[in-house]
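The numbers here are math on the coordinates, done by the rules we state, and not lab data. Source: prediction; values computed, not measured. In this analysis, Cβ positions are derived from the backbone assuming ideal geometry, glycine residues included, and neighbour counts consider all displayed protein chains.
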């Protein structure tokens, strides 16, 4: 049995200032949550509802759990019931004066895994795999990622990095989740995801899959051209449709009604995305958000389709373990209401080292060089938050 305390904060900036590694932070369009201390823990989404039922809280909605699960659904996650939960209005309502950003001290040593040329070769290998498939279970899409390890002159200031991410793109789902550490230094998953895996409130469910992207530009005319080209791209619309269809199929058994509109454009500070906001009414209003998140994870946006075949291809091509990248980060209360976001545009931070990740969906129409450029654009979210503004190396051709 445990008891969770709650306390409101005047503004999101207050919670950003209060954040320290080991705590849990999640900012969404609905508000900001900071969880401090540990009252109870779980490793799997399916255990969270039962865990919350064992405690009490000062909040009317009961205790809240917050944390992260990895890409590999069979591996343990880190889901925490904080001893103290502090809440604030959304970042967008914070005073302009709160928006403090500053680069983190360098220099940074960078090591790509795989290197750019090898990633292009990996995409070519994935395209051969797609071309050789036959029958109803042939692989339709494979999501390939690459990693960039940055090592700095001293321990990374995770709080400042979190603030930089939050203020650079207040509309994103900004998060910092404590992870199991192999050493003495705290380990944190930190990021600013644009993609809502699922949210549930009062019997309603929302999922906002993203797939298909194009870089933003400081030139307004070029930026608009990039957006228009993305919206009309047959390759990107195909990639997006694969994801949307899979998300809708996963939600249908839980929903009385389900609305799946045509894709629209969504933007972040660095990228344009194709976006579809799927909404539904649950058959059972009490279905907990962790159950819905488990049913959806991983979507074809981060794995591929069909899931098992894409996962096997990823294991045979990618030269690293994704860990919590392309997992999910989120929170839920004792009533099952909550939100879970896809853990992309993120870094795994421990001591003086950050492992950054970015990936792209490979379909038969994909171009290897374009896929490399897409991952480079996605890596810029974290690089710019660090204060690193330099182009990533292109492969020799």
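When the helices of the chain are scored as -39500 (n - 2.57) per DSSP H run of n ≥ 4 and the total is divided over every residue, the value at 222 nm lands at -8500 deg cm²/dmol. In plain terms, the residue of 278, 344 with the fewest other Cβ atoms within 10 Å comes first and the most crowded comes last, giving 278, 344. Annotation: for a label point projected 7 angstrom from Cα along Cα→Cβ of residue 128, residues of region 314-335 with backbone N closer than 17 Å are 314-319. An ellipsoid equivalent to region 25-93, defined through the eigenvalues of its Cα gyration tensor, has semi-axes of 21, 16, 10 Å when rounded to whole angstrom and sorted largest first.
The separation of region 181-224 from region 239-264, counted between C-alpha centres, amounts to 18 Å.
Rg and Dmax over the alpha-carbon atoms of region 1-144 stand at 21.5, 58 Å. The mean sequence distance of close C-alpha pairs (under 8 Å, at least 6 residues apart), as a share of the length of the chain, puts its relative contact order at 24 percent.
Sequence-distant contacts, meaning Cα pairs under 8 Å at least 6 residues apart, place the relative contact order of region 15-128 at 27 percent. Just so you know, the averaged projected area of the alpha carbon convex hull for the chain sits at 18.9 nm². Given their separation in residues at 0.36 nm each and the Cα-Cα distance between them, residue 75 and residue 283 gain 71.9 nm when the chain is fully extended.
Region 60-82 and region 271-323 have Cα centres lying 17 Å from one another.
Kindly identify region 197-269 as rounded, prolate or oblate by the Cα gyration tensor criterion: order the square roots of the eigenvalues as a ≥ b ≥ c, call it rounded if a/c is under 1.5, otherwise compare a/b with b/c, prolate if a/b is larger, else oblate. Prolate, since a/c reaches 1.5 and a/b exceeds b/c. Among 74, 279, 139, the ranking by other beta carbons within 10 Å of each residue's beta carbon, starting with the fewest, stands as 74, 279, 139.
For a footprinting-style exposure proxy, rank 84, 165 by other Cβ within 10 Å, fewest first.
So the residues, fewest neighbours to most, are 84, 165.
Available extension along the chain between residue 93 and residue 2 is 29.5 nm, counting 0.36 nm per residue and deducting the alpha carbon span.
Equivalent ellipsoid of region 288-397: semi-axes from √(5λ) of the C-alpha gyration tensor, largest first, are 27, 21, 12 Å.
Note: relative contact order over region 77-214, using C-alpha pairs below 8 Å and six or more positions apart, is 22 percent.
For region 139-295, the Kirkwood radius over C-alpha pairs fed into Stokes-Einstein at 4 °C and 1.567 mPa s yields D = 72 µm² per second. The simple Förster model, with R0 at 25 Å and r as the Cβ-Cβ distance, assigns residue 224 and residue 102 a FRET efficiency of 0.20. On the principal axes of its alpha carbon atoms, region 237-288 extends 38, 23, 16 Å, with the longest extent given first. For region 126-202, the calculated P(r) over all alpha carbon pairs, in 10 Å bins from 0 to the bin holding the longest distance, is 13, 28, 26, 21, 11, 0 percent. The modelled label-to-label distance for the pair residue 231/residue 202, using points 7 Å beyond Cα in the direction of Cβ, is 3.2 nm. Label zone of residue 181 (point 7 Å out along Cα→Cβ, amide N under 14 Å): in region 318-362 this covers 349-354.
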